[in-house]
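Participant: One structure, pasted below without further comment.
The values are calculated or read from the model by the stated rules, or taken from the named source; none is laboratory data. Remember, it's a predicted structure, so these values are computed and weren't measured experimentally. We place every Cβ from the backbone using ideal geometry, glycine too, and count neighbours over all the protein chains shown. Heavy atoms of the whole protein, side chains included, go into the accessibility calculation; ligands, DNA and RNA do not. Shrake-Rupley method; radii C 1.70, N 1.55, O 1.52, S 1.80 Å.
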Amino acid sequence: MAKLYINPNRKMGHINPELQGHFSEHLGRCIYEGLYVGKGSDIPNVNGMRTDVVEALKEMKIPVLRWPGGCFADEYHWKDGIGDKAKRKKMINTHWGGVVEDNSFGTHEFMELCRQLGCKPYVNGNVGSGTVQEMSEWVEYMTFDGVSPMADLRKANGDEKAWVVDYFGVGNENWGCGGNMLPEYYANEYRRYQTYVRNYNPDHKIFKVACGPNGDDYEWTDTVMKKCFENCGPNHGFMDGLSLHYYTVPGEWEHKGAATKFTEKEYYETLKKTLYMNELIERHLAIMDKYDKNHDVALIVDEWGTWFDVEPGTNPGFLYQQNTMRDAMVAALNLNIFNKHCDRVKMANIAQLVNVLQSVILTEGDKMVKTPTYQVFKMFSHHQDAQLVESFVETSEVGVEDENQIPNLSESVSIGKDGKLHITIANTALNVDYDINGIMIDAAPKNVKAEIIHGPMDAYNDFDNVEVVTIKEFNCIKIDNNDIVFTIPACSIVHIEVEM
Ligand code: AHR
């Protein structure tokens, strides 16, 4: 019997809703087809945004959306995407499949999408191939409400009122597709570009995100932090957040492995690589702490998720992959890790929202499917805006090979605004159920109810079978002598709601 200890009286930090954030790039069928079909489409839409997708994302409680990239961000010139659609420039999306980008989805459309979703916008600026003036004018265009050339242009294009931009990224992956810069060079560029990301709205300060490391590139973090903190006065490195990108790639970059056909060994390897996220967060934070003694700068994991070989027969530049129970497990492990670091990790954005990499939604024509990853986000939404509380679960190792052993259980616990305790716990073992004894310290449970996501590791939802992996009621749980007692089935994720 594994013991799960919960101390509801020991609050560990606020879980920002943005820890369950998302990312949408002009890549493959994410924006076009997946989110935006245009007003004239036969697919039901409001102002061009697919109604089915918008409704599903609202139900999942999407808190924030990053756009327009990704690598696309450092090739994007925002003025190409405003004004009369018929006159907007067409260009080649060189990075992603060489297809024509007609710029019919631009700033106004993105803000309209966020309005419909009720989520915060996270806009990523162009450092790699853009100018300081271009970035500065974009911020003015979006957020300035007075009289100015850019505010007037926005008004002329139909939006009288300025928008709120909550988050702004100053470049993306500038160590790679965003300009192949060295960390010291980027740090100087960051200092210059961010100067002109002005705060025009006194009530909504823009949260500035600097480009952080690729996975375990600790030198990047060290140099960028050091250089940005030099002579910065009270401005904590001129940044509010530093990004981290880390993808779960089960195989090698050239042969990543298939999304739906994989062995038990590959399943455990995938989860082992996912759990590496915890070490990355801890080590990058330790480096940041050398310069940011007051913890003013958050770590922002603005790209994460599984990256497999594309589905056979699809455009390799579109990064389209199916999504199984294994992806659900990857999402649950990562979201539990982010919760446990909620004092320093303030936003995380899975890549990507629709039809690209580890998506929560897949579409085909007018059909839509909610993936197993979607189910996890919906289940974990109870943690949004909650207080993390201290918890600990006894674990043992599971796996099919000595070097790929992983802990059998992963958990996090919070107290929601509803005053209820929310436990999310995953059993990573493929063939073993575990008896759990949930012990509450200095508190007693009055009532429990639970739900489960459960299935074979390779189960998935597709367009002809949309409900293979869904959230189901889980009744095999009871209160016994003030303990919460249940058996967690193999390869499952459970959410328990406790009234105290
Ligand atoms: O999400 C796909 C790509 O992965 C993004 O464009 C880039 O930032 C990262 O390398």
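Participant: Return the total of residues in segment 461-490 being crowded, with 17+ Cβ neighbours inside 10 Å and farther than 26 Å from residue 386 by Cα.
Facilitator: 4
Participant: Of all strands (runs of 3 or more DSSP E) completely enclosed by segment 1-76, which ones contain at least 2 residues that are touching a strand residue (DSSP E or B) at 6+ places or on another chain (Cβ under 9 Å), open to solvent by 30 Å² or more (accessible area, probe 1.4 Å) and away from the ligand (no atom under 16 Å from the Cβ)?
Facilitator: Counting at least 2 such residues, we get 2-14.
Participant: Looking only at segment 212-223, decide whether some residue is within 16 Å of the ligand (Cβ to nearest atom), of a type in the set (A, V, I, L, M, F, W, C) and within 15 Å of residue 300 (Cβ to Cβ).
Facilitator: Yes: one or more hits.
Participant: Give segment 164-173 a look and list any residue that's assigned to a loop (DSSP other than H, G, I, E, B), under 14 Å from residue 212 (Cβ atoms) and more than 10 Å from the ligand (Cβ to nearest atom), or say none.
Facilitator: First pass over segment 164-173, keeping only residues assigned to a loop (DSSP other than H, G, I, E, B): 164-166, 171-173.
Filter once more, so that each one left must be under 14 Å from residue 212 (Cβ atoms): 171-173.
The one that is assigned to a loop (DSSP other than H, G, I, E, B), under 14 Å from residue 212 (Cβ atoms) and more than 10 Å from the ligand (Cβ to nearest atom): 171.
Participant: Restricting attention to segment 372-393, report how many residues are open to solvent by less than 10 Å² (accessible area, probe 1.4 Å) and out of contact with any strand residue (DSSP E or B) (no Cβ under 7 Å at 6 or more places or on another chain).
Facilitator: Within segment 372-393, residues that are open to solvent by less than 10 Å² (accessible area, probe 1.4 Å) and out of contact with any strand residue (DSSP E or B) (no Cβ under 7 Å at 6 or more places or on another chain) number 2.
Participant: Quick one: is residue 435 acidic (Asp, Glu), at pLDDT below 95 and surrounded by fewer than 17 Cβ atoms within 10 Å (Cβ to Cβ)? Spell out the reasoning first.
Facilitator: Values: acidic (Asp, Glu): yes; at pLDDT below 95: no; surrounded by fewer than 17 Cβ atoms within 10 Å (Cβ to Cβ): yes.
Judged against the criteria, residue 435 is not a match.
Participant: Could you list, in sequence order, the residues of segment 77-95 that are farther than 14 Å from residue 108 by Cα, in contact with a Gly (Cβ under 9 Å, 6 or more places away or on another chain) and either charged (D, E, K, R) or outside any loop (DSSP other than H, G, I, E, B) (or both)?
Facilitator: Hits for segment 77-95 are 89, 92, 93.
Participant: Follow-up question, since we're still on this one. Just one of the numbered conditions (1) assigned to a helix (DSSP H, G or I); (2) within 16 Å of the ligand (Cβ to nearest atom); (3) closer than 29 Å to residue 455 by Cα is not true of residue 266; which one?
Facilitator: Single failed check for residue 266: (2).
Participant: Still on this structure, please answer the following. Which condition from (1) open to solvent by less than 50 Å² (accessible area, probe 1.4 Å); (2) under 30 Å from residue 491 (Cα atoms); (3) over 23 Å from the mean Cα position of the chain (by Cα) is the one that residue 229 breaks?
Facilitator: (2)
Participant: Considering every residue within segment 361-371, establish whether at least one is assigned to a loop (DSSP other than H, G, I, E, B), open to solvent by 10 Å² or more (accessible area, probe 1.4 Å) and either modelled with pLDDT of 95 or more or under 18 Å from residue 453 (Cβ atoms) (or both).
Facilitator: Within segment 361-371, one or more residues are assigned to a loop (DSSP other than H, G, I, E, B), open to solvent by 10 Å² or more (accessible area, probe 1.4 Å) and either modelled with pLDDT of 95 or more or under 18 Å from residue 453 (Cβ atoms) (or both).
Participant: For segment 304-329, give me the residue count where each residue is open to solvent by 10 Å² or more (accessible area, probe 1.4 Å), within 16 Å of the ligand (Cβ to nearest atom) and either in contact (Cβ under 8 Å) with a residue 60 or more places away in the chain or of a type in the set (A, V, I, L, M) (or both).
Facilitator: 8
Participant: From 156, 151, grab the single residue that is open to solvent by less than 40 Å² (accessible area, probe 1.4 Å), under 17 Å from residue 108 (Cβ atoms) and more than 16 Å from the ligand (Cβ to nearest atom).
Facilitator: Values: 156 fails: open to solvent by less than 40 Å² (accessible area, probe 1.4 Å).
Of the residues listed, the single one that is open to solvent by less than 40 Å² (accessible area, probe 1.4 Å), under 17 Å from residue 108 (Cβ atoms) and more than 16 Å from the ligand (Cβ to nearest atom) is 151.
Participant: Moving on. Within segment 97-128, which residues are within 16 Å of the ligand (Cβ to nearest atom) and open to solvent by 30 Å² or more (accessible area, probe 1.4 Å)?
Facilitator: Within segment 97-128, 97, 98, 99, 128 qualify.
Participant: Would it be correct to say that residue 338 is touching a residue at least 24 places away in the same chain (Cβ under 8 Å), open to solvent by less than 10 Å² (accessible area, probe 1.4 Å) and away from the ligand (no atom under 16 Å from the Cβ)?
Facilitator: yes
Participant: Criterion first (over 23 Å from residue 386 (Cα atoms), crowded, with 24+ Cβ neighbours inside 10 Å, assigned by TED's automatic domain parsing to the domain that holds residue 63 and in contact (Cβ under 8 Å) with a residue 40 or more places away in the chain) does residue 236 satisfy it?
Facilitator: no
Participant: Any chance you could count how many residues in segment 444-454 are open to solvent by 30 Å² or more (accessible area, probe 1.4 Å) and not in a strand (DSSP E or B)?
Facilitator: 2
Participant: A follow-up question, please. Restricting attention to segment 179-203, and to residues there that are assigned to a loop (DSSP other than H, G, I, E, B) and under 16 Å from residue 138 (Cβ atoms), which single residue is nearest to the ligand (Cβ to nearest atom)?
Facilitator: That would be 197.
Participant: Looking at segment 246-261 only, could you name the residues that are more than 16 Å from the ligand (Cβ to nearest atom) and open to solvent by less than 20 Å² (accessible area, probe 1.4 Å)?
Facilitator: 250, 257
Participant: Within segment 371-388, track down each residue that is within 15 Å of the chain's Cα centre (by Cα) and among the charged types (D, E, K, R).
Facilitator: 378
Participant: Follow-up. In this structure, is residue 285 in contact (Cβ under 8 Å) with a residue 24 or more places away in the chain, within 16 Å of the ligand (Cβ to nearest atom) and assigned by TED's automatic domain parsing to the domain that holds residue 98?
Facilitator: Considered against the rule, which asks whether it is in contact (Cβ under 8 Å) with a residue 24 or more places away in the chain, within 16 Å of the ligand (Cβ to nearest atom) and assigned by TED's automatic domain parsing to the domain that holds residue 98, residue 285 comes out as no.
Participant: When you look at residue 410, is it assigned to a loop (DSSP other than H, G, I, E, B), closer than 24 Å to residue 468 by Cα, touching a strand residue (DSSP E or B) at 6+ places or on another chain (Cβ under 9 Å) and among the hydroxyl-bearing types (Ser, Thr, Tyr), yes or no?
Facilitator: So residue 410 fails the test.
Participant: Answer yes or no: is there a residue in segment 413-428 that is open to solvent by 10 Å² or more (accessible area, probe 1.4 Å), in contact with a strand residue (DSSP E or B) (Cβ under 6 Å, 6 or more places away or on another chain), touching a residue at least 24 places away in the same chain (Cβ under 8 Å) and of a type outside the set (Gly, Ala, Ser).
Facilitator: Yes; the residues of segment 413-428 include at least one that is open to solvent by 10 Å² or more (accessible area, probe 1.4 Å), in contact with a strand residue (DSSP E or B) (Cβ under 6 Å, 6 or more places away or on another chain), touching a residue at least 24 places away in the same chain (Cβ under 8 Å) and of a type outside the set (Gly, Ala, Ser).
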